[in-house]
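Throughout, read-outs are computed from the coordinates displayed, never taken from laboratory work. Please read all numbers here as calculations on a predicted model, not as lab measurements. Here the Cβ is made from the backbone with ideal geometry for all residues, glycine too, and neighbour counts use every protein chain on show.
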């Protein structure tokens with residue numbers, strides 16, 4: 001299914017669903033299932049009456065109650081839980097369905113109250129992360145971002161990764177819309193001050209673009225939907241450099257302690273991702289997102305470890 005086809009399907013669905021909500025203001029959760037959720041799944045190419053695709057009242061975790069819908073991949077494994085809520089209920093909090101999804105190793109959760117749809121990614125070791133929150137009116141305009149939900153992908157790893165990439169792309173586009181003029185003016189102004197008059201060629205333009213994307217990679221984390229699970233924003237963390245760390249006296253080579261607080265320890269024998277997480281857990285970060293690589297390799301070099309992990 002192409003994005004244009006999905007957009008047309010979602011547009012037709014959205015129009016009918018909005019009419020339902022207008023004509024039945026006190027719509028019940030059961031009516032949301034039949035008049036909104038089922039047609040929504042059909043628009044995505046799923047057959048709500050085929051238990052090999054869609055299973056109603058799925059028992060995910062004993063004692064927790066069934067999940068309203070479970071969508072299955074081609075191998076017969078549940079890959080998405082769909083939780084239907086009352087028309088006035090919020091879809092901005094995932095609630096207990098996240099634990100059910102983790103227990104069943106289901107990577108996606110979709111919440112809806114009939115008026116809004118919120119999609120969440122659930123991993124084994126980290127809290128659920130919101131990917132997108134869309135109203136009925138916004139579905140058709142975001143068809144490209146929802147292609148990974150269509151039955152054609154059957155919630156494969158490829159489809160799920162596409163959904164996650166699309167979510168970040170939406171966040172980046174939002175950030176660009178809000179900051180494009182300010183960001184590019186500042187970067188272009190700086191570059192022009194560094195080069196000779198008339199030397200703003202394709203190379204420097206590419207450099208501006210690269211710098212902007214690096215900035216956005218860190219800056220998109222300030223959006224509510226991408227806030228770190230511990231609630232700390234990058235600006236809330238204390239900055240640190242390699243000079244702040246010294247070899248841990250009682251530890252193996254590659255372990256360091258913070259000069260100003262001996263309780264803070266880093267194990268540089270681990271990979272960059274793990275070391276970055278160690279820093280964050282101790283309330284710290286490098287001055288910029290792109291300076292972390294230098295921080296990591298500088299400490300590894302001091303410990304006599306190989307350049308890469």
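Relative to the compact globular guide of 2.2 N^0.38 Å, what is the alpha carbon radius of gyration of segment 3-155, as a ratio? Output field value: 0.97.
Of the DSSP beta bridges with both residues in segment 237-302, give the percent that are antiparallel, rounding to the nearest 5.
Values: 7 of 9 bridges.
Here the antiparallel bridges make up roughly 80 percent for segment 237-302.
Counting other Cβ atoms within 10 Å as a rough exposure proxy, the listed residues 68, 5 run 5, 68 from fewest neighbours to most.
One chain, two ends: residue 56 and residue 260. Fully extended at 0.36 nm per residue, the span grows by 67.8 nm beyond their Cα-Cα distance.
Counting DSSP beta bridges in segment 13-131, what percent are antiparallel, to the nearest 5?
Here the share of antiparallel DSSP bridges comes out near 75 percent.
Distance from the C-alpha centroid of segment 54-128 to that of segment 1-49: 18 Å, rounded to the whole angstrom.
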